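Written out below as structure tokens is the structure these notes cover.
The values are calculated or read from the model by the stated rules, or taken from the named source; none is laboratory data. On a predicted model such as this, the values are computed, not experimentally measured, just so you know. In this analysis, Cβ positions are derived from the backbone assuming ideal geometry, glycine residues included, and neighbour counts consider all displayed protein chains.
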Ligand code: PMP
């Protein structure tokens with residue numbers, strides 16, 4: 001850490017709540033796949049703010065959309081209509097093929113929206129008594145940090161001390177379709193899942209699992225709701241990660257990259273069959289669907305298509321995955337991933353992932369340790385082949401040093 005970084009870190013530690021333990025670097029500028037710290041050192045961003053910066057930092061088209069809209073109109077609340085939101089809603093429907101979208105701000109809000117939709121759908125359509133609806137989730141999930149969402153986290157730290165927790169959730173092993181069928185009751189409203197578990201350590205379910213879940217849910221009249229906050233919008237090499245299994249969920253949750261890495265934008269998407277449950281006054285937020293967010297998200301979706309970033313993610317991701325899998329190093333237990341969403345699992349008896357992440361950071365490569373044992377690589381989808389090859393070399397060399 002340079003002198004400016006040290007002073008800023010000290011301020012953060014003095015005046016900020018201690019709910020994070022950030023890696024030792026203080027960033028002040030970003031452009032494309034690169035970030036600079038306050039002392040002028042350059043880093044390759046291989047995590048994109050947990051997949052939110054898919055278009056790279058300060059993408060010129062997105063910055064232009066943001067600044068132009070900020071100078072025109074930023075916020076009115078949904079008590080009034082604005083001239084930008086309808087364009088986003090229409091574009092989301094055209095691109096993703098759902099009748100309607102409910103725009104909110106952060107990922108967790110979109111998950112909460114989906115949970116409310118599912119519960120009310122069960123009540124009004126399936127005639128489950130109010131307060132009795134059940135939602136099935138997966139072990140090792142991550143869907144956000146609200147009091148309701150942490151209630152069904154398998155992570156003890158997320159729940160401990162934050163009670164009373166919200167009832168109505170059952171957790172089953174990720175990747176186990178039989179467990180889903182066994183957990184369903186007449187009160188089950190929905191099955192909420194991540195098609196690839198991101199925060200859980202880039203966990204890819206067995207082939208065929210999701211298609212079976214879709215069939216089971218259809219048979220039992222249970223909503224299949226995909227949290228694609230992290231996997232969606234090209235990250236996994238498809239528009240939605242559910243497409244890898246040919247599955248179209250009843251509801252889709254988007255966030256992160258939808259805001260172009262510039263501001264929080266999230267949404268819950270579903271067909272009229274589900275979305276009809278929301279009546280005026282049922283749900284909303286001050287900033288959800290604001291014209292600034294809508295203008296940026298609309299441009300972000302246009303960039304995604306026009307720059308062919310989904311195809312890039314698939315091609316470059318496959319190349320990078322193969323390159324990492326070819327590294328011969330006793331520290332590596334497994335490398336797995338889809339598209340540009342890759343996890344490298346380390347042998348934690350030899351090296352904790354946090355140490356490896358700090359070691360890579362010192363070599364100018366930003367990654368993130370997850371669950372002590374997995375290094376995550378999720379660069380902006382605009383990354384070039386040459387930059388990815390260089391990253392693979394840095395990772396190979398850094399792990400070789402650590403294995404000494
Ligand atoms: N769902 C998934 C799958 C996520 O990965 C995340 C964030 N890591 C969230 C929901 C929560 O999103 P946010 O942090 O915007 O609330």
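Among the candidates 224, 239, the residue that is outside any helix (DSSP H, G or I), outside the structural domain of residue 372 (by TED's automatic domain parsing), out of contact with any strand residue (DSSP E or B) (no Cβ under 9 Å at 6 or more places or on another chain) and under 30 Å from residue 303 (Cβ atoms) is uniquely 239.
Determine which member of the set 189, 293 is crowded, with 24+ Cβ neighbours inside 10 Å and farther than 21 Å from residue 115 by Cα. Within the list 189, 293, the selection yields 293.
Looking at 402, 321, which one is over 23 Å from the mean Cα position of the chain (by Cα) and not in a loop (DSSP other than H, G, I, E, B)?
Working: 321 fails: over 23 Å from the mean Cα position of the chain (by Cα).
Matching residue, one of 402, 321: 402.
Return yes or no: is residue 248 in a loop (DSSP other than H, G, I, E, B), more than 16 Å from the ligand (Cβ to nearest atom), touching a helix residue (DSSP H, G or I) at 6+ places or on another chain (Cβ under 9 Å) and modelled with pLDDT of 95 or more? Working first, answer last.
Values: in a loop (DSSP other than H, G, I, E, B): yes; more than 16 Å from the ligand (Cβ to nearest atom): yes; touching a helix residue (DSSP H, G or I) at 6+ places or on another chain (Cβ under 9 Å): yes; modelled with pLDDT of 95 or more: yes.
So residue 248 fits the description; yes.
Of 393, 312, 333, which residue is outside any helix (DSSP H, G or I) and out of contact with any helix residue (DSSP H, G or I) (no Cβ under 6 Å at 6 or more places or on another chain)? Show your work before the answer.
On the way: 393 fails: outside any helix (DSSP H, G or I); 312 fails: outside any helix (DSSP H, G or I).
Testing whether each residue is outside any helix (DSSP H, G or I) and out of contact with any helix residue (DSSP H, G or I) (no Cβ under 6 Å at 6 or more places or on another chain) leaves just 333.
Per-residue answers, yes or no, for (1) surrounded by fewer than 18 Cβ atoms within 10 Å (Cβ to Cβ); (2) farther than 25 Å from residue 318 by Cβ; (3) within 21 Å of the chain's Cα centre (by Cα):
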position: 154; (1), (2), (3): yes, yes, yes
position: 175; (1), (2), (3): no, no, yes
position: 206; (1), (2), (3): yes, no, yes
position: 232; (1), (2), (3): no, no, yes
position: 241; (1), (2), (3): no, no, yes
